1. For a footprinting-style exposure proxy, rank 79, 167 by other Cβ within 10 Å, fewest first.
2. Can you give me the three principal axis dimensions of the chain from its C-alpha atoms, in Å, biggest first?
3. Go ahead and run the numbers for FRET between residue 63 and residue 127, Cβ-Cβ distance against an R0 of 51 Å, rounding to 0.05.
4. State the extension gain, in nm to one decimal, for the chain segment bounded by residue 236 and residue 221, taking 0.36 nm per residue of separation less the distance between their alpha-carbons.
5. Of all beta bridges DSSP finds with both residues in region 167-266, what is the antiparallel percent, to the nearest 5?
6. Mind sorting 37, 116 by how few other Cβ atoms lie within 10 Å of their own Cβ, fewest first?
7. On a 0 to 90 degree scale, rounded to 10, what angle separates helix 105-119 from the longest Cα axis of the chain?
8. Report, for the chain, the % of DSSP beta bridges that are antiparallel, rounded to 5.
């Protein structure tokens, strides 16, 4: 059997992740023909196909499923070797692969990146925005070094460092501005607009309203907070958004904002990483940067008297 290279394994894992040769090639910064040739050489060496190729999708073969799972573990170990050397040298925040959930990324990442450039100019952040379940999976597999998520994750294999806390804000049509702020019971009877399934913010909003995920209700599911806010402005219903999103998402929408009465719905935000990561000391520095970015945003983001609460 021909030698298997780490490059071939990385390309194969990329194809499995994206389900598409072209997308995998783009993510790997290589041309599609070159990536296809590497995958074909790997399959020829193995004597077995790793992927089923169809016109619109690519999926692993039964053999490929097990092979690619082992490939991910091998690549994670290889990456950890490099991280161990960097940690032993005491290098400060070199290349870091950081994941962020979509209800945080647009509002906090610009400040995080700016502060990283200020404090750690040699740092090289590779950013990944996706929903929590995917971040947890990629972190477990070693494809990410850390992630900024809503806590708790409650994974024994992860270190969790809380960096701040923020309230949820009620967004409703402008004509409702003078009305009493509904409590959780009243909110259950309203047309509540939420993010689509897979977003942890959706689950948190449902929990506040004591609504089960399968509870029948009049609702629209959106793919982004921006869509939800614009729909509220159009008079379709009401929604909840995290406080850090208020300055960005409401600046071009005709909506009314209100705080809930105590105890208000809120979320804790933190940085997580594998407990076994050799970069733990460096990642604690990253958590401090995220905390400062949140504090800076809180002092700069007063909109309609709303300011994020920092833990």
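What follows is calculated from the coordinates using simple rules that are stated; it is not laboratory data. Here the structure is a predicted model, which is why all the values come from computation and not from measurement. Note: ideal-geometry Cβ built from the backbone for every residue, glycine included; neighbour counts use all protein chains shown.
1. Ascending number of Cβ neighbours within 10 Å: 79, 167.
2. Principal axes ranked by extent give 74, 47, 34 Å for the Cα atoms.
3. My answer for the efficiency is 0.95.
4. In short, 4.2 nm is gained.
5. Beta bridges within region 167-266, antiparallel portion: roughly 70 percent.
6. 37, 116
7. Taking Cα atoms only, the helix is inclined about 60 degrees.
8. Of those bridges, close to 65 percent are antiparallel.
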